[in-house]
Every structure is written in structure tokens, then in C-alpha cells.
There are 2 protein chains.
Amino acid sequence: MTRDYRPAYQRVLDDLQERIAAGDLKPGDMVPSEGELAEEHGISRGSVRGAIRVLRDTGIVEVIRPKGTFIRTPPTRTVREPSSRYQWEKDRALLSREERLSTGASEKESGLDTADLEFSAKYEKTISDEYISGRLGVEEGTQVLKRTYSTTSIKSGSVIGRSNSYIPLDIVDGNPDLLDDRNEPWPGGTQHQLSTVGVEVDSISDRILARVPTVDERESMKIPEGTPLFVIEKTSIDIAGRIVEFSSILLPADRAELKYSIPLKRWKKGQHAGN
Amino acid sequence: MTRDYRPAYQRVLDDLQERIAAGDLKPGDMVPSEGELAEEHGISRGSVRGAIRVLRDTGIVEVIRPKGTFIRTPPTRTVREPSSRYQWEKDRALLSREERLSTGASEKESGLDTADLEFSAKYEKTISDEYISGRLGVEEGTQVLKRTYSTTSIKSGSVIGRSNSYIPLDIVDGNPDLLDDRNEPWPGGTQHQLSTVGVEVDSISDRILARVPTVDERESMKIPEGTPLFVIEKTSIDIAGRIVEFSSILLPADRAELKYSIPLKRWKKGQHAGN
DNA sequence: GAGTGGTCTAGACCACTGT
DNA sequence: CAGTGGTCTAGACCACTCC
């Protein structure tokens, strides 16, 4: 007689994964309750919970309390494509107000409906701490404009992205409109805002990290378990070589993907096939 | 009298986080054992385990069995900078064999020692499935060269990255050397390999996702709990507009960061300050 | 009131390592 | 051998929603 040496919770896990793979459990379906599964397998509820936790932590199921545990529907991903988006924003900064009004910034991201997006912004003057100073290349204690943005999908109630943007105050204080968050959403975005104080952005550099969200972030952005967070640190440099803006952008990785295109310089004629 | 309404495991969690924040528990230190913590707080071991799980899942502690639970030392991150790296690789494809030999590909990534890196490659002819066909823009069932790469840090024994690369076979079968993995590591990398069959890469597009690793990936790449996985889907397009290579690259996010620079076109003279 | 998952207890046995 | 975390049990009470 062959015994089954797998731990009890592993047997439940394998069983559920088989049912999902076989299509017996489809997205939206409720997983049998913990009590039922315990009885089915002749084990205690604690062990069943171990199996369910693995499925939750890998984003396969979602607990909706107190209804039950359900197979998750994979969310649609919003594509963020900085390599073309940043240039598009720069081109737009030269257009008239009417032309800029006709298209927004976040609507450029595909996969989502404009009408479904809710946008909020808050401005605040503050003093740069060690971290922000390092990123902006200014002295600690320098006055900066801190702008906090949040984009939410109304339908799903989930946050698409959230960002903190920092600009040295002396760059923007020539235009009082730039210090007032009632002017948001600003048609044309940051690059147009900067253009009103004579700043032309020359290049933008993105640093990308991924990590597990903190408990606070999970709750405030309604991120399900098993979903990492993209952290994009965006640095804008103007044609004089100054850092004119730094943003830290948080994107839940189950609803975002990033895309960068890198064009390469052409070889000169007849140059290929180095030996 | 004020009662403490937090769940028991939450109290242990908060306590441990305070001790870490205060510096009482530093990287490398052992967290008190589950039994000790249970006694300290007058609760059962099961509740203590709940607190420890949160810390493990957010990458703060690491369990080394059967020694104990320890505060993790944040690993050094390897910077991957595709926007300059791809151009650098292209430039290198034109150099002589000696010049190409003098510098490797992965050594361009900063943060790691060349001598510490172990590299392995395996080639295999195969038939493209639906997914790969879609990515390469070829018909399902087309013959492709599949190349599997793995880079490991010898010292830490952990995998830095792993990738699967696919090239339509008709592109490379003109040069038998390209079908033989004994020629790896190939000085100059993929772009030089392609140059030997007359292919000049014109642009490369990276699609970036992040997700929680599967159990298999966690074990084979020695990824600690609480660490997401970067998935980079890299598509190379040649000057004729053909897709000449597709790779899927896995990078554990605790030891990687990505960096992309986007140069912007200059405005013409006197063009700023659109109204 | 019935059913769900969240939390908790007080025990238990196990595999593994280091002394 | 002692000490660690991994697994497990058989109960229990709770807050919440739906009917």
C-alpha cells in the first residue's frame, strides 16, 4: 500500500489547483468553504486555511468576507509606455490650450475608459529631506513643491496609480498658477507647466523597482494579496542639465505593465559582419 | 482602564517592528523564538506565527531552519540599464573578436564582481507554440532556436537572472556556429551573433511585468518569500522590420533594478511657453 | 438565524542541526 | 541531547452579511 506523504495542506492545495486547471473552478466561482474542505479531506480547518493562504498569496483566489473565497478574475492591465509618452507630453506642451484640453494625460494609457477615471491632486510647499534632496540634487532643507496625485478607477473602486512629485520651489515660483492645486488637472501636464517658467525638459530617466506593498499601501490602494508594487522613480533633466522634477510613482503590478522602446543607431553602410 | 483591542498577532507584530525600528534588532540578529515570544506576550504559539508570517512575507525576516528566524540583510541590487546597454551591445558587434573578448555582457551590469558570476547556456531546436508564435509574429509550428541562459552568483549561490530566448530558425541556420551552445559565452552577445547572418537590429522593445514567483521558481532561483519577480519580455526588431528575437527574462526583484533613459527631441529655437 | 472567514488556544509530533 | 520552526488537531468565539 502506498501512503501519501504530502502534508495535509499540500493535498488540499493540489486538489484545488487541479480543479482550477480542469476548469471545474472558473473565475468568479466560489471555492468550497473551509469547513467543507476540511470535512472532504478529513482534516482540521487549520490545515485547510494553510492551503487557501497559498492560493491567496499567489493571487489565484480572493476572499470576500463574509461571503466566501472566490477564484479571481485577472484584472485588465493598463499599459504605461514612458518611452513614447514622455515625448508625446513634450510635443503637447507646445500646443494651444484648446488643443491640450482635447486630450488628457492618463487617457493615453490604453486599456481604460476616460469616463471611468477619477483624478485627484494636492499641492504642498515643504522642505526636502535627505532622500528627496539626493534625488533632486539640491541641499537638504531646500524648499520644494510637493504634489500628490492619485488616479482611481471609479467602476472597480481600485487605485490605478499614485505618485508624489517634487520640484525645487525656485523653479516654479515665477508662476503662481503652478503653486495652486485648483488648477489640476492641468491640460498638458508637468512638461507644459514647466514650459511656462521657461524650462525645456531634455531627458527623463526611469528607475524601476518592484516590491511587496506594505500593509498600509495594500489597504489604501485596495491591492489584493499576492500583488507586487511597481515603484518608478522618474527624474526629469532640462536642457541646462538641471534636475527639474523627481517623482515616485506607485503602480500595483496586477493592473499595470510597462513598455520601453529603445531605438538603436544605424550602422554605416556595409558595416555589418564583424568577424 | 484602557483595553488593547488589537488582535494578539498584531501586538506581537507591532512589538517586533518597533524593536527593528529602534535598532534593537539589526540585520543578522535572531528574532526571539516563537516559544519565547508566545510566553512574553502570554499568547499561544499559533498567534506568534501569524505575526512572523507577515514579516516573512514582506521580506523583513528570513527563517533559517532549524536555527531560527533572522532579520534579513537587504541584498545588493544589480542595475540593469537596457537603454544604454542595448546600444552598447550594438556598437560592440562591429568590433574585432579580440576587442569583444576583452569585455563581457553581464559584467556591464554594475554592483557585481565578474569573478563571482557563473554563466550557463543551453540551445535547443523546437517548434513554436501559440505564445511564442504570437511574440515572434510567425505561424504556430514554425521551427525556432530556443536558448536558455542562467546567471548565478557563486558566492551567494543565488540566481541573478534566467532567460529564455527564441529566434526563428531560418534567421540563424546560415551559420552553424549559432546553433551550438558550446560556443557560449559568445563574445559580443546576441547582436553580434545576428550580425554574422547579416541581421542589423534596429530597435528593442521591453515589456515589464512583476508578479509573485511560483513555488517552483522560488525554489530553483532561491528567491526568499516576499520577493516579487520581474518579467521582461524583450523583442528585437531588425532594420527590415522583422522580429528577429524574443526573450523572456526573469529577475528576482530584490536583487535587480531597471533603468531606462528617454532622450527627448529639442524644441526649435524660441519655441517654448505655449500659452 | 445560518453561513462565511478571522482569530485564538493548548496541546502534540515531526525533521533538522549543532553540541 | 536540546532547540528551532513546520505541521496538525479539535475545539472555540467573533464580526459580518444575507435571508
Can you name every residue in region B:99-115 that is farther than 24 Å from B:Tyr260 by Cβ and either open to solvent by less than 40 Å² (accessible area, probe 1.4 Å) or modelled with pLDDT of 85 or more (or both)? B:Glu99, B:Arg100
Name the one entry in B:Leu25, B:Leu13 that is without any contact (Cβ under 8 Å) to a residue 60 or more places away in the chain, away from DNA strand C (no atom under 12 Å from the Cβ) and open to solvent by less than 30 Å² (accessible area, probe 1.4 Å). B:Leu25
May I ask you to say which residue of A:Arg218, A:Arg182, A:Arg207, A:Arg266 is surrounded by fewer than 19 Cβ atoms within 10 Å (Cβ to Cβ) and part of a strand (DSSP E or B)? A:Arg207
Qualifying residue in region A:29-38 (condition: touching a strand residue (DSSP E or B) at 6+ places or on another chain (Cβ under 8 Å), surrounded by fewer than 19 Cβ atoms within 10 Å (Cβ to Cβ), aliphatic (A, V, I, L, M) and under 21 Å from B:Pro228 (Cα atoms)): no
Note: among A:Thr152, A:Thr148, A:Thr142, just one is surrounded by fewer than 20 Cβ atoms within 10 Å (Cβ to Cβ), in contact with a helix residue (DSSP H, G or I) (Cβ under 7 Å, 6 or more places away or on another chain) and of a type in the set (Ser, Thr, Tyr), namely A:Thr142
Inter-residue pairs, beta-carbon under 6 Å, first hydrophobic (A, V, I, L, M, F, W, C) and in region A:163-188, second in a loop (DSSP other than H, G, I, E, B), 6+ apart: A:Val172/A:Val197
Looking only at region B:193-204, count how many residues are within 7 Å of chain A (Cβ to nearest Cβ) and part of a helix (DSSP H, G or I). 1
What are the residues in region B:29-76 that are touching a Leu at 6+ places or on another chain (Cβ under 6 Å) and away from DNA strand C (no atom under 13 Å from the Cβ), if any? B:Val61, B:Ile71
Can you give me the number of residues within region B:46-72 that are of a type outside the set (Gly, Ala, Ser) and modelled with pLDDT under 90? 4
Pair list, Cβ < 7 Å and 6+ apart or interchain, from region B:42-63 residues that are within 11 Å of chain A (Cβ to nearest Cβ) to residues that are near DNA strand C (Cβ under 8 Å from one of its atoms) and assigned to a helix (DSSP H, G or I): B:Gly50/B:Tyr9
Which one is farthest from the other protein chains (Cβ to nearest Cβ) among residues in region B:214-229 that are over 12 Å from A:Val212 (Cα atoms) and under 13 Å from the mean Cα position of the chain (by Cα)? B:Lys222
Which of the residues spanning region B:39-55 are within 8 Å of DNA strand D (Cβ to nearest atom), open to solvent by 70 Å² or more (accessible area, probe 1.4 Å) and closer than 18 Å to B:Arg19 by Cα? B:Arg49
Within region B:69-98, of all residues that are under 22 Å from B:Asp29 (Cα atoms) and charged (D, E, K, R), the one most open to solvent (accessible area, probe 1.4 Å) is B:Arg77
Which residues, counting only those in region A:15-28, are in contact with a helix residue (DSSP H, G or I) (Cβ under 9 Å, 6 or more places away or on another chain) and either within 12 Å of DNA strand D (Cβ to nearest atom) or within 16 Å of A:Arg72 (Cα to Cα) (or both)? A:Leu16, A:Gln17, A:Ile20, A:Asp24, A:Leu25, A:Lys26
Checking A:Asp15 against (1) charged (D, E, K, R); (2) modelled with pLDDT of 90 or more; (3) assigned by TED's automatic domain parsing to the domain that holds A:Ala121, only one condition comes out false. Which one? (3)
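The values are calculated or read from the model by the stated rules, or taken from the named source; none is laboratory data. Owing to the predicted nature of the structure, the values given are computational and were not obtained by experimental measurement. Don't worry about glycine lacking a Cβ; one is built from the backbone with ideal geometry, like all the others, and counts go over all protein chains shown. For accessibility, only protein heavy atoms count, side chains too; no ligands or nucleic acids. Shrake-Rupley method; radii C 1.70, N 1.55, O 1.52, S 1.80 Å.
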